[in-house]
Amino acid sequence: MLSANVTTATVEAAGLGGVVRPVDLLHPELMPMVEARPPLSVPDELVAALRTAPPAPALSDRVDRSEHLVPGDPSVPLRVHAPKSDAVGLRPCLFSIHGGGYIGGSYGAYDALFDRLSPLLGLVGVSVDYRLAPETSYPGPLEDCYRGLLWTFEHADDFGVDRKKIGVLGGSAGGGLAAAVAMLSRDRGEVAVAFQVLNSPMLDDRQATPSSQLDGLPVWSREFNAFGWRSYLGPLYGTGEVPDTAAPGRATDLSGLPPALVTVGAVDGFLDEVVDYALRLNHVGVPAELHVYPGACHGFQLAGDGEINRQHNRDVEEWLARQVRS
């Protein structure tokens with residue numbers, strides 16, 4: 001884990017000084033992932049790529065999976081992952097929200113994660129398949145996620161879930177939605193979120209930070225980021241009317257939110273806004289543990305079983321273990 005000021009200074013020196021490109025700061029193990037990605041145009045090729053499902057991983061026989069629909073118009077699909085165990089008592093729950101720039105992805109993205117975490121930590125995983133932008137803009141995707149969380153709380157007894165230990169997790173756009181769901185839960189008072197895991201969260205539509213303005217960002221460029229936000233916010237984009245729950249990085253009141261684990265790569269355009277969010281959580285008394293990974297770009301968690309990914313997995317697992325076993 002690096003301190004925020006050291007990491008931010010590194011990226012600023014690399015990008016704003018014009019001596020080193022962001023890609024030159026990448027850890028060597030991430031280069032194959034970056035080089036394998038074809039150049040994509042915005043929007044058609046980007047949307048198509050993000051909505052193309054990757055090959056499904058082989059799934060563990062240590063986890064039971066079931067499909068559910070939250071009733072309503074529209075209904076919201078959920079996938080529940082429960083560890084096969086003879087253990088008695090209530091279990092913690094992790095409600096997950098997939099990434100994809102608000103314009104792609106699906107709830108299958110976390111199948112492999114729950115194959116590992118459910119048996120390891122004895123927790124129930126719930127994945128939500130929210131509607132995507134630009135077809136559905138804010139607040140539709142967020143309300144889908146919130147309704148899924150509320151359904152999980154209301155049906156906790158069906159899965160042996162401890163209502164006092166339901167947390168949220170998300171990566172990239174899913175991290176932004178997870179942060180927003182935590183805010184909605186605080187403000188509406190219908191369900192209590194016990195903790196939040198925000199992995200490389202997409203938090204701020206303004207793109208006003210030095211890291212967000214760098215040229216040549218690997219995987220998720222500033223152009224892709226602008227398109228994702230424009231798609232999600234619809235007519236709100238570029239105005240001063242964007243609510244906190246649409247872009248949590250804009251929020252001025254972070255008090256009363258649940259403890260957070262916040263992670264980001266040092267070569268990610270989201271670096272500055274993510275570090276700032278974690279610091280501001282701590283400033284108002286919300287415990288927020290921040291991990292910045294040197295040499296890591298956006299989406300580094302998808303690069304396979306490398307050194308950085310293993311470290312990230314350990315950090316998430318150890319932090320979650322403290323939350324669910326406390």
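The values are calculated or read from the model by the stated rules, or taken from the named source; none is laboratory data. These numbers come from a predicted model, not from an experiment. Here the Cβ is made from the backbone with ideal geometry for all residues, glycine too, and neighbour counts use every protein chain on show.
Out of region 147-175, which residues are assigned to a helix (DSSP H, G or I) and either over 16 Å from the mean Cα position of the chain (by Cα) or within 20 Å of Gly189 (Cα to Cα) (or both)?
Arg147, Gly148, Leu149, Leu150, Trp151, Thr152, Phe153, Glu154, Ala156, Asp157, Asp158, Phe159
Test Pro38 against the stated conditions and say whether it is of a type outside the set (S, T, N, Q), in a loop (DSSP other than H, G, I, E, B) and at negative phi.
yes
Do we find that Arg163 is surrounded by fewer than 24 Cβ atoms within 10 Å (Cβ to Cβ) and closer than 28 Å to Trp229 by Cβ in this structure?
Numbers: surrounded by fewer than 24 Cβ atoms within 10 Å (Cβ to Cβ): yes; closer than 28 Å to Trp229 by Cβ: no.
In short, no.
Could you please let me know if Glu143 is surrounded by fewer than 23 Cβ atoms within 10 Å (Cβ to Cβ) and part of a helix (DSSP H, G or I)?
Yes.
Here is a list: Phe195, Phe224. Which entry is buried (at least 20 other Cβ atoms within 10 Å of the Cβ), in contact with a Pro (Cβ under 6 Å, 6 or more places away or on another chain) and of a type in the set (Phe, Trp, Tyr)? Working first, answer last.
Values: Phe224 fails: in contact with a Pro (Cβ under 6 Å, 6 or more places away or on another chain).
Answer to the selection: Phe195.
Return yes when Pro210 is more than 21 Å from Leu46 (Cα to Cα), touching a residue at least 40 places away in the same chain (Cβ under 8 Å), surrounded by fewer than 20 Cβ atoms within 10 Å (Cβ to Cβ) and out of contact with any strand residue (DSSP E or B) (no Cβ under 7 Å at 6 or more places or on another chain) and no when it is not.
So Pro210 fits the description; yes.
Among the residues of region 128-140 satisfying the criterion of being of a type in the set (Ser, Thr, Tyr) and farther than 15 Å from Ser75 by Cβ, which is surrounded by the most Cβ atoms within 10 Å (Cβ to Cβ)?
Start the filter on region 128-140 by keeping residues that are of a type in the set (Ser, Thr, Tyr), which leaves 130, 136-138.
Next, only the ones that are farther than 15 Å from Ser75 by Cβ stay: 137-138.
Values: Ser137: 20, Tyr138: 24.
The residue in question is Tyr138.
Confirm whether Ala13 is out of contact with any strand residue (DSSP E or B) (no Cβ under 9 Å at 6 or more places or on another chain), surrounded by fewer than 16 Cβ atoms within 10 Å (Cβ to Cβ), at pLDDT 90 or above and assigned to a helix (DSSP H, G or I).
no
Residues in region 180-239 that are among the hydrophobic types (A, V, I, L, M, F, W, C), within 14 Å of Tyr138 (Cβ to Cβ) and in a helix (DSSP H, G or I): how many? It would help to see each step written out before you state the result.
Going residue by residue through region 180-239, those that are among the hydrophobic types (A, V, I, L, M, F, W, C) are 180-184, 191-195, 197-198, 202-203, 208, 214, 217, 219-220, 224, 226-227, 229, 233, 236.
When the remaining residues are screened for being within 14 Å of Tyr138 (Cβ to Cβ), the result is 180-181, 183-184, 202-203, 229, 233, 236.
From what's left, in a helix (DSSP H, G or I): 180-181, 183-184, 229, 233, 236.
Residues meeting the conditions: 7.
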